[in-house]
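Below is one structure, written out as structure tokens; the observations come after it.
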């Protein structure tokens, strides 16, 4: 059994973020980077499944050279090998472009299970998993909070709205997006750190994929990143109760536009 886990490297949640001068991203100088939170839970779930059922865990990440650190951390925790997708052509991607690149790589891996975190802590759109499953023509289940693998099928507990849950059973191969809190991510042991040095990190660039360049061109662009200005204004409405009520409704509808 082969389990592929997608991991994204992000600025640590405790980092102080400063917007870049061009207002297109944050200034990454002096930032501390770590794995996306829900991706860490996805990795741990894959490692637990490997320990219980056997198989291989492959971790995949896309980004610049610094991304190699989250891959090394995953290998030190027990993953078997890693794939680092790195190319200047992939500096600006939207979720669909990223999904197409990941699909091109994972088709070659023939994964029985693909785990991703529920969503990334930067954009938070949660679309990579479903898009990737569609491109790979495999079923997927989102918001997974419990898994049980048996006889080529997996039973998962899926979180719904309002505190409700449901159980879903799927035939392998299948893609799952993992919710934070499903398990307790481990720390790398000294033995794992030493073993990591002998594990493969395969570098993959745009020239290594049979994928036209127009397939990853971003269809969604970021025009400006900024901190909203804090403003406040107090409006006093005077008159009879009927007049004040009418004026309040008019203000909410036509000025504040909350209705």
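The values are calculated or read from the model by the stated rules, or taken from the named source; none is laboratory data. Treat the numbers as computed from the prediction; the structure is a model and nothing was measured. Cβ atoms come from the backbone with ideal geometry, glycine included; neighbour counts cover every protein chain shown.
Data overview
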quantity	calculated
Flag if residue 218 is out of contact with any strand residue (DSSP E or B) (no Cβ under 7 Å at 6 or more places or on another chain) and touching a residue at least 24 places away in the same chain (Cβ under 8 Å)	yes
Some residue of the range 239-259 being more than 29 Å from residue 125 (Cα to Cα), part of a loop (DSSP other than H, G, I, E, B), in contact with a helix residue (DSSP H, G or I) (Cβ under 8 Å, 6 or more places away or on another chain) and not assigned by TED's automatic domain parsing to the domain that holds residue 77	yes
Extreme residue, farthest from residue 61 (Cα to Cα), among residues of the range 171-198 that are surrounded by fewer than 17 Cβ atoms within 10 Å (Cβ to Cβ) and touching a strand residue (DSSP E or B) at 6+ places or on another chain (Cβ under 9 Å)	171
The range 68-90, residues that are within 23 Å of residue 210 (Cβ to Cβ) and either in contact (Cβ under 8 Å) with a residue 12 or more places away in the chain or in contact with a strand residue (DSSP E or B) (Cβ under 6 Å, 6 or more places away or on another chain) (or both)	81, 82, 83, 84, 85, 86, 87, 89, 90
Boolean, residue 62 is closer than 17 Å to residue 201 by Cα and either in contact with a strand residue (DSSP E or B) (Cβ under 9 Å, 6 or more places away or on another chain) or crowded, with 20+ Cβ neighbours inside 10 Å (or both)	yes
Residue identified as within 21 Å of residue 49 (Cα to Cα), modelled with pLDDT under 95 and surrounded by fewer than 14 Cβ atoms within 10 Å (Cβ to Cβ) among 151, 125	151
Exclusive hit being surrounded by fewer than 22 Cβ atoms within 10 Å (Cβ to Cβ) and either in the same structural domain as residue 108 (by TED's automatic domain parsing) or modelled with pLDDT under 95 (or both), set 76, 42, 82	76
So residue 225, is it under 23 Å from the mean Cα position of the chain (by Cα), over 30 Å from residue 79 (Cα atoms) and part of a loop (DSSP other than H, G, I, E, B)	yes
Close pairs (8 angstrom Cβ cut-off, 6 or more residues apart or separate chains): in the same structural domain as residue 59 (by TED's automatic domain parsing) and closer than 7 Å to residue 81 by Cβ in the range 194-207, assigned to a loop (DSSP other than H, G, I, E, B) and at pLDDT 95 or above anywhere	199/79; 199/80
Verdict on residue 17 being assigned by TED's automatic domain parsing to the domain that holds residue 108, without any contact (Cβ under 8 Å) to a residue 60 or more places away in the chain, surrounded by fewer than 16 Cβ atoms within 10 Å (Cβ to Cβ) and in contact with a strand residue (DSSP E or B) (Cβ under 6 Å, 6 or more places away or on another chain)	yes
Enumeration of residues in the range 135-155 that are at negative phi and free of Cβ contacts under 8 Å to residues at least 12 places away in the same chain	148, 150
Per-region count, the range 203-242, residues modelled with pLDDT of 90 or more, more than 30 Å from residue 89 (Cβ to Cβ) and surrounded by 10 or more Cβ atoms within 10 Å (Cβ to Cβ)	1
Residues satisfying the stated conditions in the range 140-159, i.e. over 15 Å from residue 3 (Cα atoms) and either outside any loop (DSSP other than H, G, I, E, B) or touching a strand residue (DSSP E or B) at 6+ places or on another chain (Cβ under 6 Å) (or both)	141, 142, 143, 144, 145, 146, 155, 156, 157, 158, 159
